[in-house]
Amino acid sequence: MTRLQRPSRSFSSGALLAALAATALTLAGPAAAETYPQRPVTVVVPFPPGGASDSTARLTSQKVSDALGQPVVIDNRPGANGGTGATHVKTSPADGYTLLVGSIGVFAINPALYPALSYSPKSDFDLITVAVRTPNVLVANPNFPANSVKELVAYLKKNPDKVTFASSGVGSSDHLTAALFWQKTGTNGIHVPYKGGGPAISDLIAGHADVSFQNLGAVANQIKAGKLKALGVTAAARSPQFPDIPTLKEGGVDGIDVYSWQAAAAPKGLPPEVKAKVVAAFKASLSDPAVKAKFTDLGFEVVANTPAEFAAFQAAEEQRWREVVKAGNIVVQ
């Protein structure tokens, strides 16, 4: 009878475990790399706390976090009308762990205003979705003499270059809306730019500025509380949430239908499976009834369009504001 002999080479128990671990790691590697996310996700807001971009990021963050299964951290990085934060996101890894929630200024006005902008919305970002939109609203400090658009126009004509118009920055939608307002009414004022909507609103409430065209969603609570008085909205029709605020057209000023919007993006080159998860997370958040109700209460209209729709919209908006900047001869000092 032939006896079976053991192989001449054998693994020690330690070597065998090491080999099995290496094999498991090799097999699991690709799958593990595709499992996103595995750590907290940072959403960069390129403005200080308190403005419309900040509100949008914070209202969507919890449901985005729930959809992704990881915490979402808000990182405010103000400066250069949103350019500082946008550039930071542009240079971040395209892995889905750094996202951007910014305004019309970041995505459509800055490219028209700054000849040497440090980022390009078209080529440096994966556009995720336009989250919400809101008309601008002409608001004033409660102690300001004018109580309507007509009264403001009359006051401006009697007091040229004396009324201060606060804005969230040079080239912001509120700045350009003020410029359009002056052009349409044959008036002028003193533009006072701030580093974001939050500081502008605070100074307006404190009486350090007179009037401003702010996003309706950003000042809804202040209007309701009587801290600011609203003179008119830059929409084609009155806001359902604020039916007592007339449109600028009703106040005698036509041609200023302006909507500000907030959108989400990521560094260019997201892996397809990561991009799909990010898009789905924002869609889930924006379609959540509680989130939609909060936006509606603040005067925002949920948009939640697709990346392709966002890309087409961004191109059209950028062209529109190029024409406005050129017509107004608006330059960055």
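Evaluating 6.51 cos²θ - 1.76 cosθ + 1.60 at θ = phi - 60° for every residue in the stretch 293-300, the Karplus couplings come out as 5, 5, 5, 4, 4, 8, x, 8 Hz, glycine and proline recorded as x. Springs join every pair of Cα atoms under 10 Å in this Gaussian network model of the chain, and among 183, 214, 262 the largest mean-square fluctuation is at 183.
Taken over the stretch 179-238, the ratio of Cα radius of gyration to 2.2 N^0.38 Å equals 1.16. Measuring nothing but alpha carbons in the stretch 131-191 and taking Rh as the Kirkwood radius, the Rg to Rh ratio lands at 0.97.
Highest average first, the peptides 134-142, 250-258, 298-306 ordered by how many other beta carbon atoms sit within 10 Å of their residues are 134-142, 298-306, 250-258.
Sequence-ordered 3J(HN,Hα) estimates for the stretch 121-135 from the Karplus curve with 6.51, -1.76 and 1.60 and θ = phi - 60° stand at x, 6, 10, 9, 10, 8, 6, 9, 6, 7, 6, 9, 9, 7, x Hz, glycine and proline given as x. Can you give the calculated 222 nm mean residue ellipticity of the chain, where each DSSP H run of n ≥ 4 adds -39,500 (n - 2.57) and the sum is split over every residue, rounded to the nearest 500 deg cm²/dmol? Taking each H run of at least 4 residues, the total per residue is -13500 deg cm²/dmol. Taking Rh as the Kirkwood radius computed over C-alpha pairs, what is the Stokes-Einstein D of the chain at 10 °C in a medium of viscosity 1.306 mPa s, expressed in µm² per second? Using the Kirkwood radius from Cα pairs, D works out to 74 µm²/s.
Only protein heavy atoms count here; under a 1.4 Å probe, residue 182 has an accessible surface of about 40 Å².
In this simple spin-label model, placing a label point 7 Å from the Cα along the Cα-to-Cβ direction at both residue 254 and residue 158 gives a separation of 2.7 nm.
Scanning residues 5 or more positions from residue 232 or on other chains, those with amide H under 5 Å from its amide H are 138, with H placed 1.01 Å from N in the peptide plane.
May I ask you to work out the translational diffusion coefficient for the stretch 198-308 at 37 °C, viscosity 0.692 mPa s, via Stokes-Einstein with Rh from the Kirkwood sum over Cα pairs, reported in whole µm²/s? So the translational diffusion coefficient is about 202 µm²/s. The alpha-carbon atoms of the stretch 279-333 define a convex hull whose volume equals 124 cubic angstrom per residue. For residue 90, the lysines whose Cα comes closer than 16 Å to its Cα, not counting residues fewer than 8 places off in the same chain, are 122, 268, 275. Taking Cβ atoms as reference points and 15 Å as the exclusive limit, the residues near residue 146 contribute a net charge of +3, counting Lys and Arg as +1 and Asp and Glu as -1.
3J(HN,Hα) along the stretch 65-75, derived from phi through the Karplus expression 6.51 cos²θ - 1.76 cosθ + 1.60 where θ = phi - 60°, amounts to 4, 4, 5, 8, x, 9, x, 10, 9, 8, 10 Hz, with x in place of Gly and Pro. Cross-linked pairs 63/227; 162/184; 162/195; 229/326: Cα-Cα separations exceed 28 Å for 63/227; 229/326. Packing, taken as the mean count of other beta carbons within 10 Å per residue, orders the peptides 159-165, 110-116 from highest to lowest as 110-116, 159-165. At full extension, residue 38 and residue 323 could sit 98.2 nm farther apart than now, given 0.36 nm per residue minus the alpha carbon distance.
FRET efficiency for the residue 148 to residue 331 pair, using the beta carbon distance and R₀ = 22 Å, is estimated at 0.10.
The values are calculated or read from the model by the stated rules, or taken from the named source; none is laboratory data. Everything numeric here is computed off the predicted structure, so don't read it as measured data. We place every Cβ from the backbone using ideal geometry, glycine too, and count neighbours over all the protein chains shown. Surface areas here come from the heavy atoms of the whole protein model, side chains and all, with no ligands, DNA or RNA. Shrake-Rupley method; radii C 1.70, N 1.55, O 1.52, S 1.80 Å.
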